[in-house]
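Please read the structure below before turning to the comments.
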Amino acid sequence: ARLERNKNHVLAFYDLMFNRSKPAEAMRLYGGATYTQHNPEVPDGRDAFVAFFEKMAQDYPGKSVHFKRVFAEGDYVTLHSEHRFPGLLGGAWAAMDIFRLDADGKIVEHWDVLQKVPSKAAHGNGMF
């Protein structure tokens, strides 16, 4: 039950923050007392997270994330997803996000890696 709760919290958090462009509400509902960020492009902490993703919503209206896979083990949830950014960043990006949750199912830590989906690959398997 705990693993399913954690997966559901991460999916709801990410959808609310990214697809629905409501990072303050996402952090209020699903964020822990602290929020440690490991992405070097995003400042650390709850307030900095909200400010960063509010600006992203302004800079990239119509951005979206499509969840492909979600895994949970212990206090960690990993998402494999496809990000789309209209405009400057254009095209699709493959992402792996790792979240750590506290005992109450609140998100307290985040890591990620992003890779632009290339137009050609050495195989036909795709990235998703």
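The values are calculated or read from the model by the stated rules, or taken from the named source; none is laboratory data. Predicted model, so just to flag it, every value in this text is computed and none were measured. For neighbour counting, all protein chains shown are included, and Cβ atoms are generated from backbone atoms with ideal geometry for every residue, glycine included. With ligands, DNA and RNA removed, areas are computed over all heavy atoms of the protein, side chains included. Shrake-Rupley method; radii C 1.70, N 1.55, O 1.52, S 1.80 Å.
State the number of residues belonging to the stretch 52-69 that are at negative phi and open to solvent by 60 Å² or more (accessible area, probe 1.4 Å).
Summing the residues that are at negative phi and open to solvent by 60 Å² or more (accessible area, probe 1.4 Å) in the stretch 52-69 gives 10.
State yes or no: is Asp47 surrounded by fewer than 17 Cβ atoms within 10 Å (Cβ to Cβ), at pLDDT 95 or above and either touching a Ser or Thr at 6+ places or on another chain (Cβ under 9 Å) or assigned to a loop (DSSP other than H, G, I, E, B) (or both)?
So Asp47 fails the test.
Kindly evaluate Ala122 against the criterion of being in a loop (DSSP other than H, G, I, E, B) and not polar (S, T, N, Q). Criteria met by Ala122. Once the stretch 106-119 is narrowed to residues that are part of a loop (DSSP other than H, G, I, E, B) and touching a Phe, Trp or Tyr at 6+ places or on another chain (Cβ under 8 Å), the residue that is surrounded by the fewest Cβ atoms within 10 Å (Cβ to Cβ) is Val117. Within the stretch 1-44, the only residue that satisfies the criterion of being polar (S, T, N, Q), open to solvent by 80 Å² or more (accessible area, probe 1.4 Å) and part of a helix (DSSP H, G or I) is Asn8.
To keep it simple, each residue is scored yes or no on (1) within 19 Å of Ala26 (Cα to Cα); (2) in contact with a strand residue (DSSP E or B) (Cβ under 8 Å, 6 or more places away or on another chain).
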site	(1), (2)
Glu82	no, yes
Pro86	no, no
Gly90	no, no
Ala95	no, yes
Val108	yes, yes
